[in-house]
Amino acid sequence: MAISFTVNDTPVSVEAEGDTPLLWVLREDLALTGTKFGCGVAACGACSVHVDGKLVRSCSLPVSDVAGRAITTIEGLKSADGTLHAVQQAWIAAQVPQCGYCQSGQIMAATALIKAVGRPNEAQIDAAMTNLCRCGTYPRIRKAILAATGQAVYAAASATMGEGAA
Amino acid sequence: MADNPTPHLAEDTANTPAKPKRKGVKRRAFLVGGALLVGGGAFGLYLAENSTRSRAKALTETDGAHNFLTWMKIAEDDTVTVYSPHIDFGQGTHTALGQMLADELDADWAKVVVEQAPADSAFANTALVKGFMAELSGMPGVVNALPAAVIGMLTRSQNLQITGGSSAVRFTGQAGMRVVGAAVRLALIEEAAARMKVPASELVAANSTISHPATNRSLRYGELAQGAAKRSLTSSPKLKDPKDFKLIGAGLPRADIPSKVDGSAIYGIDFALPDMRVATIAAAPVRGGKLVSVDEAPAMAIKGVEQVVKLDDAVIVVAKGYWQAAKGLAALSPEFSDGGHAGMSTAAIYAAQDELRTSAKPSNTAGSGDVDAAFKAAGNKLITANYRVPFLHHAMMEPFAITGHFKDGKLHLWGGLQDPLGARDRAAKAAGLKMDDVVFHPMIMGGGFGRRFPGVTEILDQIALLAKQLPFPVKLIWSREEEVRHGTYRPQSSAALSAVLGADGKIAAWRSDYVQGDNAEAEAGFIYDVPATSRRHFEYTSNQIDGPWRSVNSTQIGFYNESFMDELAAAAGEDPYRFRRKHLPAGSRYVAVLDEVAARAAWDSALPDGHRRGIAIVESFGTIVAEVVEVMMLPDGRPKVLKAFAVVDCGTVVNPLNAEAQIAGGLIMGLSAAMGEAITLEKGAVVESNFTDYPLITLADAPAEVDVHFINSGAKMGGIGEPGVPPASPALANAIAAASGKRIRTLPIMAQITA
């Protein structure tokens, strides 16, 4: 069946079985591979996108449910002139990603949180940021969210150094 | 520079009788296998042979640039391209290796690009070989213990392009990148001296330019490259004194990060070709089982499904897209045999291990002194404890995905693996092709942690067999369920520890009897001064394939030893930090690391009610790490980690920004495993299926900040990717014991608390 919706402000129409998860339509039909497959059961958040501005795990959302709605993916966060979203900039400044695979989803979750509450406090960050990261980038994710919302000045390297005898 | 390798190693090992074949090919085995291939060439191993050099030149001098020693090239616009034989899966290796070469080269960092070396034997990593030979030279026992499969590898080609063992910076960087950078710098200076007709001693190299201050003349590296590339290079250039480092030690940002925040980075699973199909797979639930039969019709009835392919031990559905393939696979009811492993279970494994420890002879014994005499001596106090740790899944966030296309007799593969050359070799064997007929295109990896070594990646066999019989390209994607259930896990292992305390309150003798597939001594040594120790390995393998899991054996051995040290401290009525300290050599790096972490964590300061700290110190991959974890016990009995501290002595830190991320990430991965991770077996099959029942730590449960401190001791460089993991689980268990009185001896912790 043909299903129409918008992705990153561009109208699209795809031919897909209605039960196909949005994730696979984005990745395989629309070649938007920034949205990742991690678990297929909405447990890890790697596939997070915004649907009408709300955070959704696209691996478990049938594409038939998004007909007529507006999808934003990681590729659509930057502004028309190519300037990265403040959260993406904070992610670079804080050197958050390691393997990077979960980071599209983390950034989509963080931008949705900031959109919802403005300047999230620690407890709100704890509650909202449930996406999994195996590399353990959580401390830098936390700092980048605080920095993106003007609650921290992030000096990238917080490790300290000392001399010692060999 | 690393120590000289021992040229006799190859002969000694070649004469070793073949041992019975063991399941799984371990990472260390690969390394030794590679080492033997070049044994005898003690000097200038990085100076590739002529044929190799010309091949590397042909592969890289496609743009008028000039290749040096296969490791780097300089273009006419001064761009220096460094070829990394290691994969960068986010650990920052490419940046660090570039820093090391560029520092010695006196190159302008803004004009340095680091690229993945082609998966070609011309780029096999000889510096890595040299480093591991040096590390192993004092341990002939390790080499002699190699399984027959590895001895067989020695006769094969020089497939060494591995990323593992926390080896990139300390071996490739130290013995390769720095030496090449320094040697090429000398050649550039010689070329400049000849052109300017001045003595080389009057020239100064800086920022990719050679200048002659006396006459105010200068030549750019790009101008000098062609001539310099024809000059012979010294194999032992003088390296910089650390005080002269400009790039080594700098927290330079990683080049790959922008592409990982805007969604543009293309991982293996993202790769696509025109006409490509997507496939997914279900292998026998019991490892070792075979496919008995499957009715293909239910899958073929799903729209988009094109083909069902049967392998010896798996069934694959090929479709237009992943969702159709997954639906098709779900519609099938394949019958698999259990390979005779139906009796295998988590409980049965622990029971067999307990039995083995009391009835069998150890496969390996380390330690010295008369332990038995000390155990019998009057007045000594005996303490014993048994520990158990489960299989652990790597849980790389990107499930396995490799694209294959068999065309005109060549099998092309696209994917992310920790050893591209080894991947070619394995795929070639599976497909019955020559290695030259397999082309591997390395892609970005969504995590690895030891899961992506060719020796443990049966997906290579699967994609090779699948692609070879299809006329179009195909991407094989493992579901998360397949990933969880068909891992090559950190082994389930157990240990019985015992020690006696003397009248002086010190440990008089120590015995640890541990059971698992691998002898752990090669990478998890014993750091304490104890007059008599006996560390005995009892070999046990289940039907699972043991795989290297970030820090390999150091996680379980670290948990055993460091938990037990706390139990001994308690028995001695001593503070755990001070008890450790008095068993470490006075004035040693261990004491410096331990003292520093205690100071940073304010070890002696009072904490609120219910808050307690735990401490642990482990040396692995040449790096000493001590960690302190502060916890509070929640009303439901769960521990909440509030703070974490890590102090690290890896000799010299190349990039503190990345090193901090590696240590903090390793600590968090260690906490995650300790808290809730376990792969369990029932009737030979894995019970867990996804992140729903294999829980990883979340942001809320991880410490908000990890305080990481490096001691630049200048000692021989150690690894950084793995050593952050091992101290985390014992530090957490020790903190829980302090806070609640409950001693955790079996992991994961949550299973003990809810039990």
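All of the numbers you see were taken from the coordinates with simple rules; none came from a lab. From a predicted model like this one, the values you see are computed outputs, not experimental measurements. Cβ coordinates were reconstructed from backbone atoms using ideal geometry, including for glycine residues, and neighbour counts include every protein chain displayed.
A few remarks follow.
- Cβ charges +1 (Lys, Arg) and -1 (Asp, Glu), total dipole of the protein assembly as shown, debye: 840
- Taking a ≥ b ≥ c as the square roots of the eigenvalues of the Cα gyration tensor, region B:598-679 is classed as oblate, since a/c reaches at least 1.5 and a/b does not exceed b/c.
- Within a straight-line Cα-Cα reach of under 24 Å, B:Lys197 can be paired with the following lysines, leaving aside sequence neighbours fewer than 8 residues apart in one chain: B:Lys230, B:Lys238.
- Residue pairs, from the table B:Lys303/B:Lys468; B:Lys407/B:Lys468; B:Lys310/B:Lys407, whose Cα atoms sit over 18 Å apart: B:Lys303/B:Lys468; B:Lys310/B:Lys407
- Note on region B:556-607: with charges restricted to the Cβ of Lys and Arg (+1) and Asp and Glu (-1), its dipole about the Cα centre is near 200 debye.
- Cα shape, the protein assembly as shown, gyration tensor, a/c 1.5 rule: rounded
- Listed residues B:Phe400, B:Gly714, B:Phe440: farthest to the positive end of the dipole of the protein assembly as shown (Cβ charges): B:Gly714
- Placing unit charges on the Cβ atoms only, positive for Lys and Arg and negative for Asp and Glu, gives region B:680-747 a dipole magnitude near 380 debye about its Cα centre.
- Cβ-based net charge around B:Lys303, under 10 Å, with every Lys or Arg adding one and every Asp or Glu removing one: +1
- Centre separation in Å (Cα based) which lies between region A:81-146 and region B:669-718: 20
- Calculated [θ] (222 nm, deg cm²/dmol) that DSSP helices of n ≥ 4 give over the protein assembly as shown, each run adding -39,500 (n - 2.57): -9000 deg cm²/dmol
- Three-way shape call for region A:86-148 based on the alpha-carbon gyration tensor, with the a/c threshold at 1.5: prolate
- Mean silhouette area of region B:305-382, derived from the convex hull of its C-alpha atoms and averaged over all directions, reads 10.7 nm².
- Residues B:Lys111, A:Lys36, B:Lys410 arranged by fewest to most Cβ contacts within 10 Å: B:Lys410, B:Lys111, A:Lys36
- Hits among aspartates and glutamates - C-alpha to C-alpha of B:Lys506 under 20 Å, sequence gap 8 or more where chains match: B:Asp370, B:Asp372, B:Asp529, B:Glu562, B:Asp566, B:Glu567, B:Glu574, B:Asp575, B:Asp595
- Note on region B:351-434: Kirkwood radius taken over Cα pairs, Stokes-Einstein applied at 20 °C and 1.002 mPa s, translational D equal to 112 µm² s⁻¹.
- A Stokes-Einstein calculation at 20 °C with viscosity 1.002 mPa s, built on the Kirkwood radius of chain A over Cα pairs, returns a diffusion coefficient of 128 µm²/s.
- Bridgeable aspartates and glutamates around A:Lys54 (alpha carbons under 17 Å apart, same-chain partners fewer than 8 residues away excluded): A:Asp9, A:Asp65, A:Glu75.
- In this structure, the residue pairs whose Cα-Cα separation is over 22 Å, taken from B:Lys327/B:Lys475; A:Lys115/B:Lys640; B:Lys582/B:Lys643; B:Lys361/B:Lys683; A:Lys36/B:Lys320; B:Lys376/B:Lys742, are A:Lys115/B:Lys640; B:Lys582/B:Lys643; B:Lys361/B:Lys683; B:Lys376/B:Lys742.
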